[in-house]
Amino acid sequence: MIKVENLQKKFGENEVLRSISTEINKGEVVAVIGPSGSGKSTLLRCMNQLEELTSGTIWIDNQQLNHSKTNVMELRQKIGMVFQHFHLFPHKTVLENLIYAPMKVKGITKKEAESKAHQLLEQVGLSMKVNEYPKRLSGGQKQRVAIARALAMEPEYMLFDEPTSALDPEMVKEVLDVMKQLGKTGMTMVIVTHEMAFAREAADRVLFLDGGKLVEENSPSEFFNEPKTDRAKAFLEKVL
Amino acid sequence: MNLDFTQFVPNIPYILEGILVTLKFVSVSAILGFVLGTILALFKIGRVKILSWIADAYTSVFRGTPLILQLLLFYHATPQLTGYDISAFEAGVLSFGLNSAAYISEIIRAGIRAVDTGQNEAAAALGIPYRPMMKDIILPQAMKNILPALMNEFITLTKESAIVSVIGVFDIMRRSQIVAAEKFKYFEPLLIAGVIYYLLVMILTLVGKMVERRMSRSD
Ligand SMILES: Nc1ncnc2c1ncn2[C@@H]1O[C@H](COP(=O)(O)OP(=O)(O)OP(=O)(O)O)[C@@H](O)[C@H]1O
Ligand SMILES: [Mg+2]
């Protein structure tokens, strides 16, 4: 479970997140939606300490993430992250991208890491690209490799920050399909997305952020059909 | 004009032996410069304020004073200050290595800066600690970008190494000067030395191109 309590984040004087509290339960798929600049990425990045909280607390299972005694590096192994711009390691092949962290961080053998990597590449439909360098992959393929790379650490949670926003339209589906599949396996996922159809279909819950506040928390069907708040209504009118 | 290269033929092997001296000198200095330069670059981008301050001050001093002055200081001041009777070769390697470390650290720093911060974040998100992240993720990418600048620095080092002849290292330059002094003829031996330096630089350039091509496999 990821538990966020009174999370506040400031960049200098700019208060980007204002007292956010929510819980993400094991096995849930949560979509984070909101206008540009509302703080979605920042919220996600706080969940694995890529951003330091200004105040408040985040708990991962029973460990407080932002505590001086917590080993953040170790805790991060539980939390996979997928970025809008993939951030694959360009000097490593697809296979090397997948096995590096498990070997280095978890200390598993090369053989184990490779067999896991092959299995994951099959899962994301990229077995034939195993020895390719990232430069030679399409955007959709890169993102699927990035998902596989995160999964190679066998995380319990997966964070996605607009995983399809940098993709050409024809490649969006292949990535979303992989994510849907992952959701069905019971992976706990938090997904910042502008893909409303995907959120409606694949998410168990929607968090709507506006101006750094968690304005609405709702089931997808209710959120998209009859949102509780005027701000969500106004937002949906614009994007749908 | 009376050019006569034939009378220098017997001296050519003597001058050529200088190539080994020069190469040894340059490679030891380059390794020292590269290792120390990398460490200084890591200090500069690191979070420890005092270390980055030291690295910046170091760079400023070594870039802000003449190389020949550094060379003479190491050669003459070391015995005076420490009592250690430093050899010309050691003094040369020390001053050239320390000097090029200053330049190389700037090159590497810029190279590290140029690596997308997303790479740091991706590594952090995977739980990869700082050291392996630097060594295996960031530095290899930085090195690839800075290879041309680094090669340039090594070429400069090779050419500038001729300065060590002033403290008596028997490199290409000094040997050609000795031959010249023996025969009271300067043009031919200096020209021979010039050709040798030029060929060395060309070879280094070629090697650099080859390494670059090898490293761009991932493109
Ligand atoms: N590193 C940073 N330094 C300063 N300000 C930042 C930083 N990162 C984000 N911000 C600011 O925080 C606010 C929220 O940014 P954030 O990226 O979380 O929004 P977002 O909801 O993800 O937007 P988008 O949909 O455009 O990705 C913005 O005003 C942004 O300018
Ligand atoms: Mg964002």
Taking the criterion of being more than 14 Å from chain B (Cβ to nearest Cβ), closer than 14 Å to A:Glu217 by Cβ and within 7 Å of ligand 1 (Cβ to nearest atom), would at least one residue in segment A:19-27 satisfy it? no
Given the criteria in contact (Cβ under 8 Å) with a residue 40 or more places away in the chain and under 18 Å from the mean Cα position of the chain (by Cα), does B:Glu106 qualify? yes
With the condition kept exactly as written, say whether any residue in segment B:163-172 is in a helix (DSSP H, G or I), out of contact with any Pro (no Cβ under 7 Å at 6 or more places or on another chain) and surrounded by fewer than 18 Cβ atoms within 10 Å (Cβ to Cβ). yes
Selected residue (only one of A:Val239, A:Val130 is open to solvent by 10 Å² or more (accessible area, probe 1.4 Å), within 16 Å of ligand 1 (Cβ to nearest atom) and either touching a strand residue (DSSP E or B) at 6+ places or on another chain (Cβ under 7 Å) or not basic (Lys, Arg) (or both)): A:Val239
Could you count how many residues in segment A:16-49 are away from ligand 2 (no atom under 14 Å from the Cβ) and either within 19 Å of A:Glu156 (Cβ to Cβ) or open to solvent by less than 10 Å² (accessible area, probe 1.4 Å) (or both)? 12
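Counting residues that are within 18 Å of A:Ile20 (Cβ to Cβ), in contact (Cβ under 8 Å) with a residue 24 or more places away in the chain and open to solvent by 50 Å² or more (accessible area, probe 1.4 Å), which strands (runs of 3 or more DSSP E) fully inside segment A:148-226 reach at least 2?
Details: elements: A:157-161, A:188-192, A:205-210, A:213-218.
Fully inside segment A:148-226 and qualifying: A:213-218.
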Just to be sure I understand, how many residues within segment A:1-18 are within 14 Å of ligand 1 (Cβ to nearest atom) and in a strand (DSSP E or B)? 10
Test set (1) assigned to a helix (DSSP H, G or I); (2) among the aliphatic types (A, V, I, L, M); (3) within 14 Å of another protein chain (Cβ to nearest Cβ) - B:Ile128 fails condition number: (1)
Scanning segment B:190-219 residue by residue, those surrounded by 14 or more Cβ atoms within 10 Å (Cβ to Cβ) and over 25 Å from the mean Cα position of the chain (by Cα) turn out to be B:Ser218
Taking segment A:101-119 on its own, how many of its residues are assigned to a helix (DSSP H, G or I) and either within 14 Å of chain B (Cβ to nearest Cβ) or among the charged types (D, E, K, R) (or both)? 13
Restricting attention to segment A:1-15, which residues are touching a residue at least 40 places away in the same chain (Cβ under 8 Å), within 14 Å of ligand 2 (Cβ to nearest atom) and among the hydrophobic types (A, V, I, L, M, F, W, C)? none
Considering every residue within segment A:46-65, establish whether at least one is in a loop (DSSP other than H, G, I, E, B), within 13 Å of ligand 1 (Cβ to nearest atom) and within 12 Å of A:Ala146 (Cα to Cα). no
Does A:Leu98 satisfy being more than 11 Å from every other protein chain (Cβ to nearest Cβ), part of a helix (DSSP H, G or I) and under 23 Å from B:Gly118 (Cα atoms)? no
Any residue in segment A:57-79 that is away from every other protein chain (no Cβ under 14 Å), within 13 Å of ligand 2 (Cβ to nearest atom) and open to solvent by 40 Å² or more (accessible area, probe 1.4 Å)? no
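The values are calculated or read from the model by the stated rules, or taken from the named source; none is laboratory data. None of the values given here were measured: they were computed from a predicted structure. Cβ: placed from backbone, ideal geometry, glycine included. Neighbour counts: every protein chain shown. Ligands, DNA and RNA are excluded from the accessible area calculation, which covers all protein heavy atoms including side chains. Shrake-Rupley method; radii C 1.70, N 1.55, O 1.52, S 1.80 Å.
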